[in-house]
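All of the numbers you see were taken from the coordinates with simple rules; none came from a lab. Predicted model, so just to flag it, every value in this text is computed and none were measured. No Cβ is skipped: glycine too gets one built from the backbone with ideal geometry, and neighbour counts run over all protein chains shown.
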Amino acid sequence: MKIKIFLFALLLVFVFGVAGNVFAMTEQERQALIAQIQQQLGQLQIQLAQMIAQEQAQGNQSWCYTFNTNLGFANSGSNEVYNLHMALQKEGISYGADDINTYSIGTSQAVIAFQAKYKITQTGYVGALTRSKLNSLYACGTGTTTICTPSWTCGDWGFCIGGQQTKTCTDSNNCGVDTKKPKTSQTCTQQSAVKIKADGSDGPLNVFLTLGNGASVDGSGIILTKNINLQWDGIDVSSCQASDTANPNIFSGYRPTSGSLTVTLSGKITSSTNKITDTLKITCVSVKTGNSVTDSVVVNLFYTVNNNCSASWSCTAWTDCLNKKHTRTCTDWNGCGSLVGKPIETESCGLAPTVNIKANSSDGPVAISNGSSASLSWTSANTTSCIASGDYWSGARAVNGTEVTTAITSSRIYTIDCTGSGGSVSDSVTVNVSGN
């Protein structure tokens, strides 16, 4: 359509460019102009047909792309994201306000819509299953037909009703064929039973939360909170009891044989690789046998990274020096999933040196008679050299040793300083003279 408008405008420019002179022409000149216009119009029509044909040919060229890597926020700005957007556009799915190669909230929501369309677990990230589906739709082939292999996932068997029970099986690859599809119905003998689901799922139900959307951060960890809708049904049962593994419990007490309840699962994790998990169970009594029948569902809360996440690092104290190294653990409370700016967690060190000096086998202070001598002794560990300092006591000394002082007539302090790979250390002892 744009081509047609352009050529029509071009023709108008030509016509009106000469229209001002029409009335000054002779009849012969006017006839010649008409012939010229007709000739020009014919040429433009030929050009128009050629351009439309070229445009149609280009439009019919099928876009293709083979996705070889998983995609998420960290891949924003890459060619892979550009082609992901191309695929989403062909699916009629909008990626919101994101630029053509930006992977942000809009793209994440679009991927969730794509995953929901093809019955893939909705994470907002392009993992193996999502890539497989994208490639089954848009991968660049070699001229041969791509073979789609179904990947079946089945729910639990339903209640036995009228001698029959069923279950639902879905192909995550959405091949559209029943090849190797598991059996979805079977005969059965009706027995007492109870069934519980979380948000319509037999479980495990995996929920991915982001900052501001179920996840928050304080000084000690990442807090995850999610409302979960539980539904349970029983057949030929009574006296149903609810229980779960959360602390404190969120699903407990006696319950009707069939019902629903919204519970809030919440907890704190100290790393983005951790999760909050709860097993919610319903136990009933069979009206036929008096035995207990039970069913449970597992719910997992995960933290997933927001775009433009800024890390907040916090480190534990260094451990004691062992094998000339000490360590600590550093945690990003924002759980960005990136190592950017992470402090070091291992550092070289030496064992801390120690030294102890005594006078007459005492840590002191000790008292001796005027003019007497004292026996000094010292021991050290993790040291390489020692130096004496103080009254009548100085110079290099062995790392362990003994020495007798000269005659002491007034109070003296004997100090020894030792050094090792782990630093320096000092100790002193005081000798007093009796009567002074």
_Intensity falloff of the stretch 354-433 expressed as log10 I(q)/I(0), Debye formula with alpha-carbon point scatterers, at q = 0.13, 0.17, 0.21, 0.24 Å⁻¹_ = -0.35, -0.59, -0.85, -1.06
*If you find the alpha carbon centre of the stretch 381-419 and of the stretch 233-297, how far apart are they in angstrom?*
73 Å
*List the equivalent ellipsoid semi-axes of the stretch 388-436 in whole Å, largest first, each obtained as the square root of 5λ for an eigenvalue λ of the Cα gyration tensor.*
25, 11, 8
*Summing +1 for each Lys or Arg and -1 for each Asp or Glu, what net charge is found among the other residues whose Cβ lies under 14 Å from the Cβ of K133?*
+2
*Take the alpha carbon gyration tensor of the stretch 103-248, find the square roots of its eigenvalues, order them as a ≥ b ≥ c, and report rounded if a/c is under 1.5; if not, report prolate when a/b exceeds b/c, else oblate.*
oblate
*Express the relative contact order of the stretch 73-138 as a whole percentage, based on alpha carbon pairs under 8 Å and six or more residues apart in sequence.*
26 percent
*Considering every Cα-Cα pair within the stretch 193-303, what fraction, in whole percent, is farther apart than 20 Å?*
42 percent
*Starting from the Cα of K281, draw a straight line to each of the lysines and keep only those under 28 Å, dropping any in the same chain fewer than 8 residues away.*
K119, K167, K183, K195, K197, K226, K268
*Pop the C-beta distance of S78 and S424 into the FRET formula with R0 = 51 Å and round what comes out to the nearest 0.05.*
0.45
_Positive-pole candidate from I223, P256, G350, dipole of the stretch 206-358, charges at beta carbon_ = G350
